Each structure stands twice: as structure tokens, then as C-alpha cells.
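The values are calculated or read from the model by the stated rules, or taken from the named source; none is laboratory data. Source: prediction; values computed, not measured. Heads up, the Cβs are rebuilt from the backbone with ideal geometry, glycines too, and the neighbour counts pull from every protein chain shown.
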């Protein structure tokens, strides 16, 4: 299929900020129907590249191309509402010609009142207003910089559906893996000033990245130490080591989800019998809690009705739901900051709690990084009972030690998030409460955060709209659906969706089903256990995954030999291809294993 004519692009583009070159000699085009994601570290120049393509920043060298008559819309990370009193005014400014019906239609789809004052918008509402402005004029080229930040999951899923139907050229920056995997068909990677490109979607990014690293190491083996230093942020500890740790975490998380599912089923029989939990194993127990708030019109807003849960030491519980449904209120009730109207909440003994506030109110903008981490002065910070030099500790959170005397106000949103996480993780705790910790974080920091939380031995309460992050971490999901409907499900976000669909199917009115006076003798019975084929597959998958892991380890060791490429370039290419195939097969096997385990738990077989 021939590529569509380019709508926009850059040729030989270079941009520097002071002494730092963000990117050099960048050339690409995007055409109608392209759905491209742009990935790279925070600070690598992704947002600047989008601004150059939008015509908002001039390139130092090279050229910008836009097809005559093509309309470009750019969603920046921080929308500017200056000069616009209402949401309708702000969105209408995105139109070339005044067409009020378009403004009304897009605001209705984003569930925003047109007469709402811009100054009163929350973070999520500001994001929806900015998206409405970008979409209102039906642009030919749509440039989106972190469009999912501050959006709840229903809005993210709505945006996915809209963008999947978008007929123009789309270039998007996002840290939301699920969003990018569902949307992208092409991938740009801005890496150390160079733009790399592949005709693959984001779901294949890690395998492609590993191929690039392996080939680069082989081609430049004489500069091995320099390359490793430049790539340290990407593969700390080695590719094979990270994959081994990740696989171990997948298995451990699955075991924990199985245990949590068993306890959720048992709780339905007898919630109150657990006196031994008081010794410290019990962290939180809520029994039939309810909460409402009065409204100005005399009505009431119901947060939850009769919700119960028991959270034990080591559980990782996610809270999901639309913005405004009451997730933060429920979180405050669970940790004892807010009393329920009825029911009771019991907390365990000797709890040491740390809280991540998405507004980052714990950070003083005038303090330096050193002062934030060492308010009493000195050079060493105590982490896990051991002293760490502040420079070494900052490196763990992807900060250059030269930044330690820099004021916090000069940091980007993602950097401030990382600094707050560094501050919190240095404090002793056995209960961690994280409210939207993934906002503004790049994928490398998300990987770092996931590893830290996976190894955390305490209990985790996590509010997040990042579906992939929840799937990788939590053992159960509390779904706050609105109007008092709060239910806990075993597993991550995908598990929650599967179980909710099954629950809705069971609750469907009998009248909607075809009339059946009596069951036919040949009518199939409801599935109560895995089929023989599924059970056999589940039994064989661990051995298959172990074999693939062994193959990957062998291939990685082979490709790590600096002499391999020079002696046998063709063989090196074949080994690289085999490595990619084995990694993809392993990922597929892992997903299938998790799917079958979840089905087995659901059926109770």
C-alpha cells in the first residue's frame, strides 16, 4: 500500500538550548492516516520537536514543511487560558471561522459546560477543554503532548476511540503505555539528539529498543564504556537482569492476586473473624462504610454505600473511577483521615504512613534539591537504615548530581514528581498512599517507580488512571463507579473489566434473553472449570516460558561478544532477529499465562 502524501514534516532540523543540543539533523514526514507516537526521556526535546512542527518554535537549522492549506492543531502540556473568560470562548479560538455549533458539539462530547469560567477549571477539566480546542476545527494534523495527563480512565478511553477514527495525521507524546499501544502504528524515538524511526506500534518498542542497543554496542565496541554510560538510564543492571527480575515479579504478583481473590471470596462469608490480624498483619478493615455530602440544592452526593474491605500487610490496592466519583474521599476514610457516616474503619498497629499528593504540596519551590532531601544539612541520606550519599541517591532517581543545589521551582513537572518520590522513599514506612504518582513522568521513570514499588514490602494504596501501571502492580482494584457504587475486584484493571462484564452479564434481565420454556437436552452447561485444552496449556506454559528465557539469555550473551559482529555480520543480524522473536514469544506466553490464571481463579477451578 503506497504511503499517503506528506501533510507536514521537518528536514535536517536542529535545535539547541544554550550549550545543549536537543536534536540534530532530524528529518521525517507524516501523512493522512498516520498514527505516530514520539517517545524519549524527559528533557530530550520531544515537546520542542512538536512545537517546531506546529510552527511555534523556529529551528536553528533545517526546514519545516506543511502542505498548503493543511490545518495543524497543537495540544501543549500546559494550556494557556489568558484572555478567555469562558470555556466556550477558549475553544472557539481554535476555529478559523466562527461556527458555534462545532463548539457546542465538542464541549458536549467532553462533558464541559460552555459558560464555565476558565479560572475555575480543575486539572482534568483544563485538559478536556484544551483537547476540545484542538479537535474543534477538524485539523489535518493533530499534535498532542501528554493528552492523558489528569484525565480519568473513561475520558482516556473516549479519547482513544475518537483518535482511532481520526482521518488526519496524528503525532502524540504520552507516558501512558496502554494508550500508545492501542493507538500507534508508527514509532519515533528521540534518543540523545537523534530521531530513530520504525514502522511498528508502541507495543513493540521495548523489543526494538533492545535491538538498537545491541546493534549499537556491537558496532561501537571500542567505545563500550562510553555507550554504557550514555544508555545507563535505559538499562540499569543489564537487559537480561531486568527481564529476569520482571518475570519473577510477574509470577509473584500472580501469586499475590490469587491469595487476594481467595480472601475476597472468604470475606463474603465472614468478614469479622480475624483477631490475630491485630498483631500487625491487619492494615485496614472497613465494614459497611457509607458516605454522603449535602448539595446546595438540598440533595445529596453519595460517595459509597455499605462498602467493606480488609487490607493485609503486603497488599497492593488500586482505586479507579471517573474524576469526581469519590476516590480521594474513600482513600481518606480508609487511612483514618475522614470518618464515614456509618460503618466502621479499623486500622492496624504501628503503621508508618507516607502520602504522595499529586499537587506536590510537600515541596517548597524555593528549596534546593539538597534541602528537600536533607533539611538538617549534611551529605548523607538514610535509606532503609543505611547511609547513602545524596549524589548517589539522586542518580537513582535519574537526577544529575550537578542539580543538587538547583531550586525546586526550576524543575519540570516530571522532575518535581521524581524529587517528591525520592523524598518519600527515603522515609521509613509500612503503608504507602500514592495519589496519581504517574502524572508527568516519562516511561523510564515509570519503570523505575514500578521496580521500587514491586520490591516494596509494605502495603500500597494507589489512585491512578494509568491502566498499564495498575495491571503491572496491584493485587486488587477498588472500582468507584459513582452514585455510591463501590466494589472491590481481585487483580489489576484488566481483571476488573473482565469481572465487571461477567457480573453485568449475570445481572442482565431475563426478559432480554430468548424465551426458553425448558432447557434443551443438548443445551450447553455454564462453564465451571477450564477446558482440558486450556488446563493443559496452563500446565505447559511455565516450561515454555523458562525455555524462552534461557534462549533469550543465550542470545543476549552471544550478541554481547564484541567480536561477533566483525566476524559474522550476517550471523549477528540473524541472532538479533531471533532475539526479537523470542522476546515477542515470551511476552505472548506471559500474557496468555496471566489470562488463563485469571480465568482459573474466576471459575474457582
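Please list, ordered by residue number, the strands (runs of 3 or more DSSP E) wholly in the range 412-489 having 2 or more residues that are farther than 21 Å from residue 354 by Cα. If you could, list the steps in order and put the result at the bottom.
Numbers: elements: 431-435, 459-463, 476-482.
Passing ranges, in order: 476-482.
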For the range 347-358, name all the residues that are farther than 25 Å from residue 125 by Cβ and either within 28 Å of the chain's Cα centre (by Cα) or surrounded by 15 or more Cβ atoms within 10 Å (Cβ to Cβ) (or both). 347, 348, 351, 352, 353, 354
Scanning the range 145-173 residue by residue, those within 17 Å of residue 35 (Cβ to Cβ) and touching a strand residue (DSSP E or B) at 6+ places or on another chain (Cβ under 7 Å) turn out to be 145, 146, 147, 163, 166, 168, 169, 170, 171, 172, 173
What is the one condition in (1) over 25 Å from residue 423 (Cα atoms); (2) crowded, with 20+ Cβ neighbours inside 10 Å; (3) free of Cβ contacts under 8 Å to residues at least 60 places away in the same chain that residue 449 does not satisfy? (1)
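Anything in the range 309-350 that is part of a strand (DSSP E or B) and either within 26 Å of residue 495 (Cα to Cα) or touching a helix residue (DSSP H, G or I) at 6+ places or on another chain (Cβ under 7 Å) (or both)? List them, or say none. Walk me through how you get there before you give the answer.
Here is the first cut: in the range 309-350, the residues part of a strand (DSSP E or B) are 309-312, 316-320, 342-347.
Listed by number, the residues that qualify are 309, 310, 311, 312, 316, 317, 318, 319, 320, 345.
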Restricting the range 1-18 to residues that are surrounded by fewer than 20 Cβ atoms within 10 Å (Cβ to Cβ), under 15 Å from residue 44 (Cα atoms) and touching a strand residue (DSSP E or B) at 6+ places or on another chain (Cβ under 7 Å), the residue that is modelled with the lowest pLDDT: 16
Looking at (1) buried (at least 18 other Cβ atoms within 10 Å of the Cβ); (2) under 30 Å from residue 281 (Cα atoms); (3) modelled with pLDDT under 90; (4) within 30 Å of the chain's Cα centre (by Cα), find the lone condition where residue 383 falls short. (1)
Mind checking which residues of the range 117-148 are farther than 17 Å from residue 174 by Cα, at pLDDT 90 or above, touching a helix residue (DSSP H, G or I) at 6+ places or on another chain (Cβ under 7 Å) and assigned to a loop (DSSP other than H, G, I, E, B)? 136
Could you grab me the full set of residues in the range 537-563 that are at pLDDT below 80, assigned to a helix (DSSP H, G or I) and surrounded by fewer than 17 Cβ atoms within 10 Å (Cβ to Cβ)? 557, 562, 563
Leading residue by the ranking (farthest from residue 474 (Cα to Cα)) among those in the range 398-415 that are under 24 Å from the mean Cα position of the chain (by Cα) and surrounded by fewer than 18 Cβ atoms within 10 Å (Cβ to Cβ): 412
Taking the condition of being surrounded by 17 or more Cβ atoms within 10 Å (Cβ to Cβ) and assigned to a loop (DSSP other than H, G, I, E, B), how many residues in the range 78-113 meet it? 6
Pick from the range 269-308, criterion at positive phi and either part of a strand (DSSP E or B) or modelled with pLDDT of 95 or more (or both), ranking: surrounded by the most Cβ atoms within 10 Å (Cβ to Cβ): 288
Here's a check for you: in the range 182-204, which residue that is closer than 20 Å to residue 75 by Cα and in contact with a helix residue (DSSP H, G or I) (Cβ under 9 Å, 6 or more places away or on another chain) is surrounded by the most Cβ atoms within 10 Å (Cβ to Cβ)? 184
In the range 30-72, residues that are over 25 Å from the mean Cα position of the chain (by Cα) and either assigned to a loop (DSSP other than H, G, I, E, B) or over 28 Å from residue 444 (Cα atoms) (or both) total 21
